[in-house]
1. If you check E202, E184, E198, which single one turns out to be crowded, with 21+ Cβ neighbours inside 10 Å, touching a strand residue (DSSP E or B) at 6+ places or on another chain (Cβ under 7 Å) and assigned by TED's automatic domain parsing to the domain that holds Q324?
2. Out of E184, E169, E215, I need the residue that is more than 24 Å from D326 (Cβ to Cβ) and not β-branched (V, I, T). Which one?
3. When you scan region 84-172 for strands (runs of 3 or more DSSP E) that lie fully inside it, which ones turn up with 1 or more residues that are under 28 Å from the mean Cα position of the chain (by Cα), at pLDDT 95 or above and of a type outside the set (K, R)?
4. Restricting attention to region 227-255, and to residues there that are at pLDDT below 95 and among the small types (G, A, S), which single residue is nearest to E169 (Cα to Cα)?
5. Name the residue that is nearest to L286 (Cα to Cα), counting only residues in region 136-150 that are β-branched (V, I, T) and crowded, with 17+ Cβ neighbours inside 10 Å.
6. So for region 15-36 (the condition being outside the structural domain of S345 (by TED's automatic domain parsing), surrounded by fewer than 17 Cβ atoms within 10 Å (Cβ to Cβ) and over 28 Å from A157 (Cα atoms)), does at least one residue qualify?
Amino acid sequence: MRTDLLTADEIAATIKPLDQARCLPGRIYHDQDVYDAEMERVFRREWVAVFHAAKLPRPGDYLAVELTGRPLLFVRDSEGRVRCYSNVCRHRGMQVALGQGNKKVFQCGYHRWAYDLSGELVTAPEMPELKDCGIRLPEVRTAVWQGIVFVNFREDAPDLHEQLAPLGELLRPWNAEDLDLLYERPYSCDWNWKIMFENGIESYHILGTHRASLEGPLPTRISYGAPGDGRNYAEIHLPFDPAAGNLFTEDTVVPALPGLPPWATEKFVFWAVYPNLIMSQTPDGLQTYITIPHSPQESTFTWAYVTHQGALTSPNHEKFKKAQEDFADLVQGEDAVCARPVQESMNSGDYVPGPYNQRELPVWAFHRWYVHRMAEGVEGAETW
């Protein structure tokens, strides 16, 4: 694998103090070698968010997913734990499940080898000698944090809950594991995964991209970025402007969660959890934004909303749900208008990395995190 994906000069320019630093070069948004290195050095080594655990509420619920080119099978087992297996039959390699559903046994359609919810082979036609032989689907390490299912392909990776302990404590009043899925909106994106992630972790673009929809109630001038824990996540703070009115009408609002801190109703906070999760809080729940890469210029951005039972049974529930879904579609549509031309510009070779605005501190922090992982083989590159 190439070691010149980022030069020492490019890295040095990015890790300077915010007011002196420069963005990363355009080729990292389209180059196949860069993408392959990202899969190896980032997505196969770090904790990666995949979906909300509320998608698999019952034992036997499953979801087949492709991540970094590897077919994976997520299952809620008989004890209620979400587990992840290699979705590759141990016989001749057929995937043992497709899509989403509920099963007690996963049977390969090629030769009908079958596996139970623990991943163990239970039947192999005309091969009775394989019964109780110990053949099983390889398991991939998983963790559920704040109701979100993560995977990590490394056995020696640090514990996710310890890694995100400060943020977990901040979010404790929301009791995320007790929240249920209101909606999930997947958006297919014909642009690089980092364009999508970076767009969601800075407030500077609100004054342009979202001028008609968000700039009034969430004015750019009072927004700011914060470093988070300085290593694993950063923060974006969007205080409300009381004089601008509310984002939603009264008949689309549901009861708030009890026991939340005062700031929860005074602003939106977005947390950028590297490499691919963004979270934000509301008075009644949490929103998650997960970006999954598929190729250098293809990704899926999934916007989900989880809320409490009181909201789901509220008389306003249907209006609440529709208002939130319409809002997600509006904001994502506005972002897409800018994301596509950005991808085209990166492809052109004409982009010269520019400086960061102070409100882009989370993007700068993410770029520092990114080069720290991508700088293997660059002699003398100091990344922290």
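The values are calculated or read from the model by the stated rules, or taken from the named source; none is laboratory data. In this text, all values refer to a predicted model and were calculated from it rather than measured experimentally. Backbone-built Cβ (ideal geometry, glycine too); neighbour counts: all protein chains shown.
1. None of the others qualify; the one that does is E202.
2. None of the others qualify; the one that does is E169.
3. Because the criterion is at least 1 residues that are under 28 Å from the mean Cα position of the chain (by Cα), at pLDDT 95 or above and of a type outside the set (K, R), the strands (runs of 3 or more DSSP E) in region 84-172 that meet it are 100-102, 105-107, 139-145, 148-152.
4. Taking the candidates together, the pick is G228.
5. Here the residue is I148.
6. no
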